[in-house]
Amino acid sequence: MIQNARESVSVIIPVFNRSRYLKEAINSVLGQDPRPEELIIVDDGSTDDTKEAAYGFVPPARYIHQNHAGAAAARNNGIRASRGSLIAFLDSDDVWTAGKMHVQKRLLEEHPELDMVAGMVESFFSTDISEIFKQNIRMPGGALSGLVPSAVVIRRRLFDRVGLFPLDTEIGEFIAWFLKARELGCRYVVAPEVVAKRRVHDHNLGIEKSYAKNDYLRIIKAAMERRRKDE
């Protein structure tokens, strides 16, 4: 039985120089049924025409500009500005599937004990990349468990417990936050439906900032050290 049918959803799209993908991302949010009550686009100091692309959707979207500080800072500013009891994210180069919000919001409303609902994710090659690039990128086939920002819906109360995303990493801020959330007893499920599609292109953060992959090792090491202290 639905315990709380009045949950409101705030969607946060952090964007940095992704104007060519932003329209598709926004439309995948606005096309949801139910449609989220709030959509916040946080421009992380873009130097392309991201602002113009975003303003094409204002209203119903809200546009926030910040000096370039990274995805974690953009997500955090979006959370601070949001009003919903449920927080969802969409990276500006990804898209949501048509049924995402129906699936995840229903699970959260039917199970008030849950702090977060994830879903499955599929990857796809962007149409603007070369065949040579495709041949040099290993892309997983089929749907995978989506513990990534674009595939989760999180109760605001979990941020109250865990805090916002850490700013001391260039990539992997969600992994660091999620590991901390798990340590604090985060209750979540992974829905079997595909809720997001991740675009693979030559400017993905994991590719542009491959030098920062040591962040992942540092995040995991820090989590292991915290666990040892608690034992």
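Just so you know, all these numbers are worked out from the coordinates, no wet-lab data involved. Everything quoted here is computed from the prediction, not taken from an experiment. Cβ: placed from backbone, ideal geometry, glycine included. Neighbour counts: every protein chain shown.
Here are the numbers for this structure:
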{"item": "Net length gained if the chain between GLU183 and GLU113 were fully extended (0.36 nm per residue, minus Cα distance)", "result": "23.5 nm"}
{"item": "Nonlocal amide H pairs with PHE89, under 5 Å, H built at 1.01 Å", "result": "ILE12, VAL152"}
{"item": "5 angstrom amide H check on HIS65, placed H, neighbours 5+ away", "result": "ASP43"}
{"item": "For VAL200, residues with placed amide H under 5 Å, excluding near neighbours", "result": "PHE124, PHE125, SER126"}
{"item": "Distance in nm between pseudo-label sites at ARG157 and VAL190 (7 Å out along the Cβ direction from Cα)", "result": "2.5"}
{"item": "Over 16 Å [Cα-Cα, the range 13-62], rounded percent", "result": "32"}
